[in-house]
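Working notes, beginning with the structure itself.
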Amino acid sequence: MYKDLQKRYVKEIKTNQEQSEAIKNLTIKIHELEHNLREQRQRIEQLECKKVSWKTSAVSGKRSRTPEGEVTSRRDVSKKKESCCSKYLELLLKEIKKLKKENEKLSTERRALKNELAGLDKDFFDEIEDLKHAVQESVKLNNQYEKCLKQISVMYGLPFTAHL
């Protein structure tokens, strides 16, 4: 019984530590993704500023050639870049939401485990130590009884088989 309780306690502590580590890693990942999101937003702002300058140059009729030889306006290029950036931002936002949900789930589970462990106070462990000591004393006493029984069996010529 003591070993089972001790195993359960160790298992719950290990689970708690793993979840704490997972929460820490998820929090770091969220911060990294948020940082990437801020960088991408700044990049979009820069691209929008360039877009404004391209619009003014597009009004004057400036066009460029692609490597394939097609004639495109800068407006077309900026639309492609903008759609690519917005798709990337959407993916980042989805990933951040997913990680926040997972973080919240792990935090809730961690709190529940912490509350469960809070019920295991010092008195509980003192009682387990008392039980452990009582079991050890019982084993010693049983060994003494077995020796005594062997001696009596030998004295009266009875066969003795020890049962474990």
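Each reported figure results from applying straightforward, stated rules to the coordinates on display, with no laboratory input. Quick caveat: nothing in here was measured; it's all calculated off a predicted structure. When we count neighbours, we look across all protein chains shown, and the Cβ atoms used for this are built from the backbone with ideal geometry, even at glycine.
Descriptive notes on the structure:
- Lysine pair count for the range 120-164 with Cα-Cα distance under 25 Å and sequence separation of 8 or more or different chains is 4.
- Site pair Y88 and S107 shows an inter-label distance of 2.9 nm when each label is modelled 7 Å from Cα along Cα→Cβ.
- Taking 0.36 nm per residue of separation and subtracting the current Cα-Cα distance, fully stretching the chain between F124 and T15 would add 37.2 nm.
- Per-residue ³J(HN,Hα) for the range 111-128, Karplus 6.51 cos²θ - 1.76 cosθ + 1.60, θ = phi - 60°, Hz, x for Gly and Pro: 4, 4, 5, 5, 5, 5, 5, 4, x, 8, 8, 4, 4, 4, 6, 4, 5, 5
- Distance between the C-alpha centres of the range 103-157 and the range 4-21: 19 Å, rounded to the whole angstrom.
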